[in-house]
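This report concerns only the one structure given below.
Every number here is computed from the coordinates shown, using simple stated rules; none is lab data. Note that the structure is predicted; figures quoted are calculated from it, not measured. Quick reminder, even Gly has a Cβ in these numbers, built from the backbone with ideal geometry, and neighbours come from all protein chains shown.
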Amino acid sequence: MTLTIQRSHISDHSIEKVYGVVADVESYQDFIPWCQKSEIVSTDSSNFFQADLKVGLGPLSETYRSHVTCTPHSKIHVLCKEKPLKYLESTWTFEDLPNNKTKIQYDMHLALQSSFFQGMIKRVLQESADQIFKAFDQRLNSL
């Protein structure tokens, strides 16, 4: 079973600024809830890299590696097929709007190795998506 989350949001910031904050994976540990560590582990080009994210709450944490493909100021695609995840694919798309605003579309598809945990996490993911968007907004406002 795959869990799907979709969110759309209008940001009061330019597409360049929004894209820059989303693409800056190494800074996620500074502002994303539950992200304890974020680092780029390899770069194949300016538009493709691999990143490790350590996420957790309290004493529980897991690290997973994502393959990230960037199309500047347009799209960021993330793919992970490593444990503890069975499958994670997320896509951020950005649309330039009038008055220096940006439409952000976020689509995520997730399957965990454990069906037990998958059932538990479904409700949490819905809430966390909202909190992550809030964290990105706060980060954009602080820059």
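Here are some notes:
- Of all aspartates and glutamates in the structure, the ones whose alpha carbon falls short of 19 Å from that of LYS81, not counting any fewer than 8 places away in one chain, are GLU39, ASP44, ASP52, GLU62, GLU89, ASP107.
- Dipole moment magnitude, nearest 20 debye, the chain about Cα centre, only Lys, Arg, Asp, Glu C-beta charged: 400
- Cα-based shape type of the stretch 1-50, given that a ≥ b ≥ c are square roots of the gyration tensor eigenvalues and the cut on a/c is 1.5: rounded
- If the convex hull is drawn through the Cα atoms of the stretch 3-142, its volume per residue in Å³: 98
- On full extension, the segment bounded by VAL41 and GLU62 gains 5.9 nm, given 0.36 nm per residue less the C-alpha separation.
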